[in-house]
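*Asks:* My questions will all concern the structure given below.
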Amino acid sequence: MASAGPTTVQFPVRVFGGPTALFEYGGLRFLTDPTFDAPGGYERDGRTILTKTAPAAGGPAGLGRIDVVLLSHDEHPDNLDTAGRALLADIPLTLTTPGGAQRLGDRATGLAEWETIELDRPAGGVITVTGVPAVHGPGGRAEVEPVTGEVVGFVLTGEGLPTVYVSGDNASLEAVTEIAERFGPVDTAILFAGAPRLPVLFDGAPIVLDSAQAAEAATILRARRVVPVHYEGWDHYSEGRDELVAAFAAAGLADRLDLGEPG
């Protein structure tokens, strides 16, 4: 299902910290999981559950036109915060989980696993966006989803375009293998990493890929380039840039790692 005859020119990816990245693909501009709040804590039931430790590398005012938001899930503030929710009101289309689309309203469309949507390109032709599996924690979906909720990843393809994978909050290499079997090799993989851990969930096991798993995912996908996100700016990330660089070097993949352009 990979696109035929993709261009070899790498497109820039702007990274903002947390899970937020911006890139242009096929003439459309895509934003992942928008988080633009100032640093601070997020409370539930009178206790702080997550803490943002650093501001985004840029703000909504500097984004320019956004055509599509690729939102892996809407239920956690480290993937969609207050400023991110406000931004969605000005964006024509948000692609997310089926449940998230119901919660977010008319401008949101849900993609079930392997469901596709075609987006018109400004110069003609279409971009196909496919919803792909993501498991937000260790183990199988049946064990994880009741705790952390439904998450979706995305694969973007189009005639003459590279294949792009946006993982969302995924901790499952089995899911990555399924995606690779359908779409590999992948030109650009935007991998959510950081090995986030919360002591109250899954005995503190990572709920998104750790650095070594991100490198393994790159191998499984046969990814030409990996742009990591979701590894800086929040206190529940247990691994950061140094661990990612070391893991990719240890796997012999240092040349595949692209840390993106600060927003």
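Any read-out appearing in this document is the output of simple, stated calculations on the displayed coordinates, not a laboratory observation. Given the structure is predicted, the values throughout are model-derived calculations rather than measurements. Heads up, the Cβs are rebuilt from the backbone with ideal geometry, glycines too, and the neighbour counts pull from every protein chain shown.
*Asks:* I need Glu216, Glu115 ordered by Cβ neighbour count within 10 Å, fewest first. Spell out each step's value before the answer.
*Replies:* Numbers: Glu216 17, Glu115 14.
Listed from fewest to most nearby Cβ atoms, that is Glu115, Glu216.
*Asks:* Right, here's the next one. Using packing as a proxy for protection, rank 25-35, 146-156, 98-108 so that the peptide with the highest average count of other Cβ atoms within 10 Å comes first.
*Replies:* 25-35, 146-156, 98-108
*Asks:* I've got another one for you. Sorting Ser211, Ser172, Ser167 on the 10 Å Cβ count, fewest up front, what's the list?
*Replies:* Least to most surrounded, the residues fall as Ser172, Ser211, Ser167.
*Asks:* Using alpha carbon centroids, what distance separates segment 192-217 and segment 47-117, in Å?
*Replies:* 21 Å
*Asks:* Using r as the Cβ-Cβ distance of Glu159 and Val200, and R0 as 41 Å, what FRET efficiency do you calculate, to the nearest 0.05?
*Replies:* 0.30
*Asks:* Right, next: In what order do His230, His76 fall by count of nearby beta-carbon atoms within 10 Å, going from fewest to most?
*Replies:* His76, His230
*Asks:* Label Ala54 and Arg103 with points 7 Å out from Cα along Cα→Cβ: what is the distance between them in nm?
*Replies:* Label at Ala54, label at Arg103, 2.7 nm between them.
*Asks:* Once the piece of chain linking Asp45 and Ala83 is laid out straight, how much longer is it, given 0.36 nm per residue of separation minus the C-alpha distance between them?
*Replies:* Difference between extended and current length: 11.5 nm.
*Asks:* Quick one: if you stick a label point 7 Å off each Cα along the C-beta vector at Thr219 and Arg65, how many nm between them?
*Replies:* Distance between the two pseudo-spin positions: 4.3 nm.
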